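I'd like to ask you about the structure that follows.
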Amino acid sequence: MEPSLARVDYLQVGVTAQKTMRLLPASGKKATQKVVVGDQDGVVTCFGIKKGEAVPVFKTLPGQKISRLELGGALNTPQEKIFVAIGSEVRGFTKRGKQFLSFETNLTESIKAMYISGADLFLCASYIYNHYCDCKDQHYFLSGDKINDVLCLPVDKVNCITPVLACQDRVLRVLQGSDLLYEVEVPGPPTVLALSNGNGGDSGEEIVYGTSDGKLGLTQITGTKAIPRWEIGNEKKRGGILCIDSFDILGDGVKELLVGRDDGMIEIYNFESADDPVLRHDYALSESIASIQGGCVGKDGYDEILAATYSGWLTGLTTEPVHREGGSGEELKLSQEMQSKISSLRNELEQLQIKVLQEREKYQQSSQSSTAVSSVPAFSVNDKFTLNKDDASYSLILEVQTAIDNVLVQSDAPLDLLDVDKNSAVVSFSSCDSEPNSNFLLATYRCQANTTRLELKVRSIEGQYGTLQAYVTPRIQPKTCQVHQYQIKPLSLHQRTHSIDQDRPMNTLMLKGQFSFAEIHSWVVFCLPEVPEKTPAGECITFYFQNTFLGTQLETTYRKGEGYFKSDNISTISILKDVLSKEATKRKINLKISYDVNEESVRHTLKLIHPKLEYQQLLAKKVHLIDALRELQVHEGNVDFLLPKYRSILEEADQLLEEYKRQPAHLERLYGMITDLFIDKFKFKGTNVKTKVPLLLEILDGCDQDGLIAFFDAS
């Protein structure tokens, strides 16, 4: 049965962070629950709903921003104590709003993630995990990469404290005390963890994770190893997962999985079979879902899904039917309750309009006085810059608490702007003079009214690096703008992976010199994405990467005084050699560079590129034929005389044009990569072959793989 859910907007608080809204336990079965939410103004708001109106229970004074909100209490009792993380402090409130705890932790950074189980408190800063029991320090762990979330398996079921950390390097780290028990590899950077079914399942060992690239999975955390149960990919190319809850919204006796994404999608997964969940229902809001909860909020006996959005809206999807009585001539009579609500809203709107006019006059008078001081309005921007593995492009998502007027995008590195289906903004390009200002991209996105979220897609060229800048201007007065910067790295299309194929033909670059472990790590951070900025613990570290565009791979191993870089793509080695030499020269460090080139790797890389090249050349040919074929169709009125391959081009014309439009300059990129491969192969031999490039391009137009390999070998 499809759930029939009606949207209700209850209340707006300040901007909210991930996992900062919870429902307090109900006093009786099917009774309404109170909502508690913490915002970035530092205010904790608790309210209930009576006759469709939000009735406050308590509200704290503003302060530092709240990064997490959790419920706690003694084990096996209702969890109705409210705990909030503010900076490096944890505060506790009763359900009536009385503060009973102010615990200043020994963390030097702000708390990013928090979990509470009875008297145990689990806190994480960027890289540090701390476990406290009754506010006394118990255990400590330093993670190899940023920690995004933390939880603990239910102690009453597994009989021991088993914390699990969700880390940015696509790993769940399972701890025992202060030690790492084992690591669990997951398909994307995990952003959120939740106990399966709200209690860890029958064994108490099952946890659900969501990733920043939109994947969802369940794994069983046993005492010795992890057992993966199911995994759902992101086939619909939706946003990253920010929040998860379990609740029986369909009323079938089995809890559904509720998922909130950063593109505003709310999803309900149903366990029809005992194994994998099935997407049963989805609902789109216009901004990211920071928190999600299932419960009874608006009216006794009617369950609903409550979501807190980035800008602070608390929105319910309720099972309560919207009552409409059909009158004569299909007129709809509004209930008395609804009429009084509309009347009160109209009065409130009139009062607000009067207040806005008064404040505007007051501002005009004060701005014209001799002692006037201009004040820049502050606004919050939630941004995310991530590499998509599927199409080797970067997504830049900008979300503002108020409507966006325009976004100016500027880059000093060559970038292609790609089309985004969900983007309704009007884009205009300005011509760039790349020499004096080193501008390669200058584009303006003008947003439609009430757009608070904008998604852009760009594709970079490896070896050409710089900075992408976004100037965000919201629709507020006086006009103000925020600049956000994003690094385009030399090997920008590489993505971290857990392992690589060691049987491929590899080229090796070896560095030796008087540099520290921290210095060579900072060079690797400069060259490659997804490397933690903090220098790893220990004396030596190895990272594996895959090129999302070509599928080639890279292994980096380095320690104090030496570094080894292996790749099956000679161009990757060439880029690393140039950039690392430049970085060492900046710091006046003398490097001894040696390399081992495998001739077979060039043929291997060409074989990886060729199918893509062939496909793009065929697509370009088909697109160039479309106009002529359509003209022929108009003149002749019938195309039955055409060969089947030409008729199929006409039939698929719209899809072909759409695909070609989605991937501008794709063919040029492949030509550029093959040209770079050719130049780099001979650069390591000390030969300059740039004069042979026109001949290479002629061979590429012919699209003959054997001829191409023969040209590389003969030159």
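Using r as the Cβ-Cβ distance of residue 381 and residue 180, and R0 as 41 Å, what FRET efficiency do you calculate, to the nearest 0.05?
Numbers: r = 36 Å, r/R0 = 0.87.
So the FRET efficiency works out to roughly 0.70.
Moving on. What do you get for the angle between helix 693-702 and the principal long axis of the chain? Use alpha-carbon atoms, 0 to 90 degrees, nearest ten.
Its long axis makes an angle of about 70 degrees.
For a label point 7 Å from the Cα of residue 589 along Cα→C-beta, name the residues of segment 522-550 whose backbone N is under 20 Å from it.
522-544
Could you work out how far the C-alpha centroid of segment 150-206 sits from that of segment 594-656, in angstrom?
Using only Cα atoms, the two centres lie 48 Å from each other.
What does a probe at residue 487 reach in segment 377-408, counting residues whose amide N is under 17 Å from the point 7 Å along Cα→Cβ?
Within reach of a label on residue 487: 384-387.
Would you be so kind as to identify which of 625, 687, 653 lies farthest towards the positive end of the dipole of segment 603-714, taking Lys and Arg as +1 and Asp and Glu as -1 on Cβ and the Cα centre as origin?
After comparing all options, I get 687.
Decide, for segment 115-213, between rounded, prolate and oblate: order the square roots of the alpha carbon gyration tensor eigenvalues as a ≥ b ≥ c, take rounded if a/c falls under 1.5, and otherwise choose prolate if a/b is larger than b/c, else oblate. If you can, show how the numbers build up before the last one.
Working: a/c = 1.78, a/b = 1.11, b/c = 1.60.
The shape class here is oblate.
What do you get for the angle between helix 517-527 and the principal long axis of the chain? Use alpha-carbon atoms, 0 to 90 degrees, nearest ten.
80
Taking only protein heavy atoms and a 1.4 Å probe, what accessible area per residue, in Å², does the chain have with all protein chains in place? List each step's numbers first, then the result.
Numbers: 34900 Å² over 715 residues.
About 49 Å² of surface per residue is accessible.
For residue 138 and residue 655, compute 0.36 nm times the residue count separating them, minus their Cα-Cα distance, and round to one decimal in nm. Before the final figure, lay out the partial values.
On the way: separation 517, 0.36 × 517 = 186.12 nm, distance 5.99 nm.
Net length gain for the segment: 180.1 nm.
Provide Rg and Dmax in Å for segment 34-147, with only Cα atoms included in the calculation.
In Å, with Rg to one decimal and Dmax whole: 14.8, 51.
Using only the alpha-carbon atoms, how far is helix 570-586 inclined from the longest principal axis of the chain? Give it as 0 to 90 degrees, nearest 10.
Here the helix axis deviates by roughly 80 degrees.
Kindly write out, for segment 466-471 in residue order, the coupling ³J(HN,Hα) from the Karplus curve 6.51 cos²θ - 1.76 cosθ + 1.60 (θ = phi - 60°), rounded to whole Hz, with x marking Gly and Pro.
Computed from phi, the couplings for segment 466-471 are x, 10, 9, 10, 10, 9 Hz.
Would you please give the residues with an amide H less than 5 Å from that of residue 68, counting only those at least 5 places away or on a separate chain, with H modeled from the backbone geometry?
85
A follow-up question, please. Would you calculate the separation in nanometres between label points at residue 542 and residue 371, each defined as 7 Å from the Cα along the Cα-to-beta-carbon direction?
7.0
Moving on. In square nanometres, what is one fourth of the surface area of the convex hull spanned by the alpha carbons of segment 146-289? The partial results should precede the final answer.
Numbers: hull surface 33.7 nm².
So the Cα hull casts an average projection of 8.4 nm².
Related question: Please give the charge dipole size of segment 381-488, origin at the Cα centre, charges +1 on K and R Cβ atoms and -1 on D and E Cβ atoms. Round to the nearest 20 debye. List each step's numbers first, then the result.
On the way: 9 positive and 13 negative charges, 89 e Å.
That gives a dipole near 420 debye.
Give, as ranges by residue number, the residues of segment 513-544 whose backbone N falls under 13 Å from the point 7 Å along Cα→Cβ of residue 559.
517, 538-542
Run lengths n ≥ 4 of DSSP H only: what is the helix-derived mean residue ellipticity at 222 nm for the chain, with -39500 (n - 2.57) per run over all residues, to the nearest 500?
The helix-only estimate for the chain comes to -7500 deg cm²/dmol at 222 nm.
Evaluate E = 1/(1 + (r/R0)^6) for residue 512 and residue 615, where r is the Cβ-Cβ distance and R0 equals 35 Å; express this FRET efficiency to the nearest 0.05. Can you show the working numbers first?
Numbers: r = 43 Å, r/R0 = 1.21.
Efficiency at R0 = 35 Å is approximately 0.25.
State which entries of 566/592; 534/560; 95/215 exceed 25 angstrom in Cα-Cα distance in the structure shown.
Exceeds cut-off: 95/215.
Using the alpha-carbon centroid of each, what span in Å lies between segment 696-715 and segment 285-304?
For segment 696-715 versus segment 285-304, the Cα centre distance is 61 Å.
Restricting things to alpha carbons, find the Rg to Rh ratio for segment 494-597 using the Kirkwood radius for Rh.
0.93
Hey, with R₀ at 25 Å, roughly what FRET efficiency would residue 7 and residue 80 work out to, going by the Cβ-Cβ distance, to 0.05? Mind showing how you got there, number by number?
On the way: r = 28 Å, r/R0 = 1.11.
For residue 7 and residue 80, the calculated efficiency is 0.35.
What percentage of the solvent-accessible surface of the chain, computed with a 1.4 Å probe over protein heavy atoms, is contributed by carbon and sulfur atoms?
Carbon with sulfur: 49 percent of the solvent-accessible area.
While we're on this one: Give, in nm to one decimal, the length gained when the segment between residue 53 and residue 222 is fully stretched (0.36 nm per residue of separation minus the Cα-Cα distance). List each step's numbers first, then the result.
Numbers: separation 169, 0.36 × 169 = 60.84 nm, distance 4.62 nm.
Contour length minus Cα-Cα distance gives 56.2 nm.
Roughly speaking, what is the stretch gain from residue 109 to residue 423, that is 0.36 nm per residue apart minus the C-alpha to C-alpha distance, in nm to one decimal? Can you show the working numbers first?
Working: separation 314, 0.36 × 314 = 113.04 nm, distance 3.64 nm.
My answer for the length gained is 109.4 nm.
The values are calculated or read from the model by the stated rules, or taken from the named source; none is laboratory data. Nothing here was measured: the structure is a model prediction, and the numbers come from that model. Glycine also receives a Cβ, built like all others from the backbone with ideal geometry; neighbour counts cover every protein chain displayed. What goes into the accessible areas is simple: the full protein's heavy atoms, side chains included, and nothing from ligands, DNA or RNA. Shrake-Rupley method; radii C 1.70, N 1.55, O 1.52, S 1.80 Å.
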